[in-house]
Ligand SMILES: [Zn+2]
């Protein structure tokens with residue numbers, strides 16, 4: 001169902017009322033409804049068989065109607081495909097209006113017809129004649145086996161929404177039109193009196209000139225197509241449609257930055273800047289270096305402008321008080337939540353996690369966090385994302401001096417629970433500077449891919465670490481690893497931030 005009453009067809013009628021409203025001209029509609037039905041309807045019964053019913057995704061009534069017919073024709077193009085074919089910008093967070101649906105259907109190869117028709121409504125007589133002609137034409141198409149998508153008012157309440165339905169038949173015995181209703185499941189072969197349909201069909205943007213929308217679904221040379229398995233423009237449109245309803249207030253701006261949707265309460269310019277300079281920048285690089293697959297779900301990146309907004313909206317949107325002042329990733333809510341006033345480093349860190357989850361779900365926590373924290377502070381080197389020293393260095397250097405840093409065997413063998421909840425204070429920094437070391441030796445990329453490939457035999461990544469550090473020679477022994485740790489500690493001690 002549509003949530004709006006806007007003009008769905010503007011390409012033919014250049015004069016569109018700026019102050020239009022379908023229900024302001026209710027008088028004309030009442031006149032039509034009051035017209036007594038003349039003798040028996042001159043239409044014969046007709047029914048187009050074997051059109052499966054499809055329930056629409058939110059706001060995809062037109063697209064779903066098209067999918068029904070495409071499925072009957074043996075095509076694999078679904079409502080998402082139809083949306084994508086329309087070229088409609090998914091950031092608008094809505095489904096097709098008539099104009100876009102018309103373009104999509106043409107592109108797919110239907111002989112759609114004119115799409116939008118005008119009925120002269122200057123007099124009751126001309127209006128009745130005009131609507132009758134429209135119905136005649138639709139019925140004639142049904143007889144030829146051609147269903148139509150029509151745009152009509154949802155029902156006869158005032159100010160009702162506009163809605164696409166698929167007309168597939170007519171029953172002369174009851175004078176009813178038969179249609180598939182995309183708004184609900186199990187709403188195949190719904191029926192509506194012809195009088196009612198004729199009342200709901202015209203869109204009265206102008207008092208004396210009604211717009212009648214009918215898209216014929218006569219197959220011409222249909223293209224071949226299949227919806228892709230990754231996120232389509234349609235997926236984003238549906239997602240943003242839902243997100244818009246959850247915005248705490250209207251000062252939030254939404255920027256689509258696949259595979260994320262960035263939403264923030266800073267200025268539009270700032271939100272856009274974070275989307276491009278941080279989100280896109282990071283995604284481009286980590287995908288090139290590590291991750292083939294996008295996250296399994298569309299993830300919202302919430303950027304709250306300050307601590308107050310961050311805390312207030314966390315409670316409001318996710319019913320929780322954050323345990324960190326910077327930001328976090330919640331796989332439960334499919335969100336990255338940031339207090340963006342603390343900088344973009346945490347955002348880069350958190351972006352790594354959903355990619356890791358979809359590409360290397362068995363990744364041990366130490367490596368997941370080591371890699372994510374490596375890029376908290378990063379730049380580009382040779383087109384690659386490159387971690388730099390950062391604030392985690394000082395604490396680690398102190399721990400090294402105090403001989404408090406556990407062995408790598410210990411670090412690697414920590415369970416997720418141990419890593420997060422029994423952290424001696426060095427887990428993140430030790431993992432980060434191990435990754436940093438591997439990066440500086442040119443081994444980090446190889447380590448990621450080997451660790452992932454070997455994760456069944458070596459779930460902790462420790463054996464893989466021994467092998468990668470050996471750089472083609474015999475894998476390191478535990479004793480060698482102790483020697484390596486001494487070398488690594490010296491190296492870390494020499495680093496500067
Ligand atoms: Zn993390």
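The values are calculated or read from the model by the stated rules, or taken from the named source; none is laboratory data. The structure presented is a predicted model; accordingly, all values stated were derived computationally and were not measured. No Cβ is skipped: glycine too gets one built from the backbone with ideal geometry, and neighbour counts run over all protein chains shown.
Among the residues that make up segment 320-328, is at least one of them assigned by TED's automatic domain parsing to the domain that holds residue 273, in contact with a helix residue (DSSP H, G or I) (Cβ under 8 Å, 6 or more places away or on another chain), in contact (Cβ under 8 Å) with a residue 24 or more places away in the chain and more than 16 Å from the ligand (Cβ to nearest atom)?
no
So, of the residues in segment 358-369 that are assigned to a helix (DSSP H, G or I) and buried (at least 18 other Cβ atoms within 10 Å of the Cβ), which turns out to be farthest from the ligand (Cβ to nearest atom)? Full working, then the answer.
Going residue by residue through segment 358-369, those that are assigned to a helix (DSSP H, G or I) are 358-359, 365-369.
Still in the list and also buried (at least 18 other Cβ atoms within 10 Å of the Cβ): 359, 366-369.
Numbers: 359: 16, 366: 11, 367: 11, 368: 7, 369: 5 Å.
Within segment 358-369, the match that is farthest from the ligand (Cβ to nearest atom) is 359.
From the set of residues in segment 317-337 that are surrounded by 15 or more Cβ atoms within 10 Å (Cβ to Cβ) and in a loop (DSSP other than H, G, I, E, B), which is nearest to the chain's Cα centre (by Cα)?
Residues of segment 317-337 that are surrounded by 15 or more Cβ atoms within 10 Å (Cβ to Cβ), as a first pass: 317-318, 322, 326-330, 333-337.
If we keep only those that are in a loop (DSSP other than H, G, I, E, B) as well, we get 322, 326, 333-334.
Values: 322: 25, 326: 25, 333: 14, 334: 12 Å.
My answer is 334.
I'm trying to understand the selection: among the residues of segment 210-256, which are part of a helix (DSSP H, G or I) and either out of contact with any helix residue (DSSP H, G or I) (no Cβ under 6 Å at 6 or more places or on another chain) or assigned by TED's automatic domain parsing to the domain that holds residue 198 (or both)?
Restricting attention to segment 210-256, the residues satisfying the condition of being part of a helix (DSSP H, G or I) are 233-246.
Passing the criteria: 235, 238, 239, 240, 241, 242, 243, 244, 245, 246.
So which residues in segment 335-352 are away from the ligand (no atom under 16 Å from the Cβ) and touching a strand residue (DSSP E or B) at 6+ places or on another chain (Cβ under 7 Å)?
340
Output the residues belonging to segment 57-74 that are under 24 Å from the mean Cα position of the chain (by Cα), assigned to a loop (DSSP other than H, G, I, E, B) and either surrounded by fewer than 24 Cβ atoms within 10 Å (Cβ to Cβ) or at pLDDT 95 or above (or both). It would help to see each step written out before you state the result.
Keep residues of segment 57-74 that are under 24 Å from the mean Cα position of the chain (by Cα), which gives 57-68, 70-71.
Okay, now just the ones that are also assigned to a loop (DSSP other than H, G, I, E, B), so 57-60.
Across segment 57-74, the qualifying residues are 57, 58, 59.
For segment 273-282, does any single residue satisfy the condition of being within 14 Å of the ligand (Cβ to nearest atom), in contact (Cβ under 8 Å) with a residue 12 or more places away in the chain, part of a helix (DSSP H, G or I) and touching a helix residue (DSSP H, G or I) at 6+ places or on another chain (Cβ under 7 Å)?
yes
For residues that are more than 23 Å from residue 494 (Cβ to Cβ), modelled with pLDDT of 95 or more and not in a helix (DSSP H, G or I), scanning just segment 400-441, find the one that is nearest to the chain's Cα centre (by Cα).
Among them, the one singled out is 415.
Might you let me know whether segment 302-316 holds any residue that is buried (at least 18 other Cβ atoms within 10 Å of the Cβ), within 16 Å of residue 278 (Cβ to Cβ) and either modelled with pLDDT under 95 or within 11 Å of the ligand (Cβ to nearest atom) (or both)?
no
Please find, within segment 131-155, the residue that is farthest from the chain's Cα centre (by Cα) out of those that are under 16 Å from residue 183 (Cβ atoms) and not in a strand (DSSP E or B).
Once the filter is applied, the top-ranked residue is 155.
Yes or no: segment 381-392 includes at least one residue that is more than 32 Å from the chain's Cα centre (by Cα), in a helix (DSSP H, G or I), within 16 Å of the ligand (Cβ to nearest atom) and on the phi < 0 side of the Ramachandran plot.
Yes, there is a match, as at least one residue in segment 381-392 is more than 32 Å from the chain's Cα centre (by Cα), in a helix (DSSP H, G or I), within 16 Å of the ligand (Cβ to nearest atom) and on the phi < 0 side of the Ramachandran plot.
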